[in-house]
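One structure below.
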Amino acid sequence: MSNTAMNAPLKVQVSGARMLTDAVREFTFTPCSGHLPGFSAGSHVQVHLPLAGGTLRNAYSLTSDPADNRHYRIAVRLQEHSRGGSRFLHREVQVGDTLQLSPPANLFALHSTAHVHILIAGGIGITPFMAYIAALERQNAQFELHYVYRQGQSDAYVEELQQRLGNRLHCYASRPDLSQILRDRPLGSHVYSCGPQPLLEAVRQQAQALGWPEQRVHWEAFSAAQPGKPFEVNLLHSNQRLQVGAEQSLLEALETAGLNVPNLCRGGVCGQCKVRHTGGEVEHRDSFLSTAEQAEFLMPCVSRAHSCVSLDL
Ligand code: FES
């Protein structure tokens, strides 16, 4: 199959939708024709959301069992103050609707050589771990899940997990004592965290303080384009000028203009969409580039400009 065919959007039907908590809605997608591509635990898909101001592509972790590609499942937390993608999924999308997805990509894979897997989830950060747990159970691997949530809001799947995991599940209403979780672990333990930035930072700092090697500490941050002020872009090679709307990301404006910029996370963390800029005051919002690199490059999935920016495109 050619690369273009492999990256072509997948057309799916919403075959199930249910509220898991007051703020989290789960969707099940089945293919409109043929088969869905296989995926590994920790993968995400970009859901194409046809909003009035243009199409957004939001990335969501696949929560379903990677061994079963008859369907995909995602769980979406309603973000009232973002650009409207989660609101659209919560309020507009119904069972029977069709949607487009970008094929799965994995930026948060399980490490198969690990002897012990310690999973730390904050709120909706539980989502990639649902697929992890299915894979780990199948491998008969040693693992435990530490889950911090707000009851009634971000406690998706708690009852299911209690029944499934028994004493391998540890629940918390506020941040747990990370030193206790990470201290005195056998060689070959890996820790994975997913959730709000302060939790990920705390896990990283604690692991470092206890001497964990960097290669055994993994995390996935939630980040997505946030709105901002409109600005202009100058495309130096194609000699075009584009407007980026307040609710639109620079990447979306480039895509609307027909430019194909590689991307995976659309949240400023994977480094795929890097573009050279040559003028203008850039507002860097990514967590990928070093300060030195930011002088030369920007990540159009999240970063913006104050008035006008010129790009090497
Ligand atoms: S798509 Fe990942 S950093 Fe932009």
Per the filter on the stretch 266-285, residues within 9 Å of the ligand (Cβ to nearest atom) and in contact with a strand residue (DSSP E or B) (Cβ under 6 Å, 6 or more places away or on another chain) are Arg266, Val269, Lys274
So, in the stretch 240-252, how many residues would count as being among the aliphatic types (A, V, I, L, M) and away from the ligand (no atom under 16 Å from the Cβ)? 2
Restricting the stretch 262-313 to residues that are buried (at least 18 other Cβ atoms within 10 Å of the Cβ) and of a type in the set (Val, Ile, Thr), which is farthest from Ser43 (Cα to Cα)? Val309
Of everything in the stretch 213-251, what is free of Cβ contacts under 8 Å to residues at least 24 places away in the same chain and in contact with a Ser or Thr (Cβ under 9 Å, 6 or more places away or on another chain)? Give them in sequence order. Leu242
Residue count, the stretch 225-247, condition within 30 Å of Ala109 (Cα to Cα) and surrounded by fewer than 21 Cβ atoms within 10 Å (Cβ to Cβ), comes to 2
All but one of (1) under 19 Å from Arg150 (Cα atoms); (2) surrounded by 14 or more Cβ atoms within 10 Å (Cβ to Cβ); (3) free of Cβ contacts under 8 Å to residues at least 60 places away in the same chain hold for Leu165; state the number of the condition that does not hold. (1)
Test result for Leu235, modelled with pLDDT of 95 or more and within 23 Å of Gly53 (Cα to Cα): yes
Taking the stretch 55-84, which residues are assigned to a strand (DSSP E or B) and crowded, with 16+ Cβ neighbours inside 10 Å? Leu56, Arg57, Asn58, Ala59, Tyr60, Ser61, Tyr72, Arg73, Ile74, Ala75, Val76, Arg77
Does the stretch 253-261 include one or more residues that are without any contact (Cβ under 8 Å) to a residue 40 or more places away in the chain and away from the ligand (no atom under 16 Å from the Cβ)? yes
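The values are calculated or read from the model by the stated rules, or taken from the named source; none is laboratory data. None of these values were measured; they are calculated from a predicted model. Using ideal geometry, Cβ is built from the backbone for each residue, glycine included, and neighbour counts are taken over all protein chains shown.
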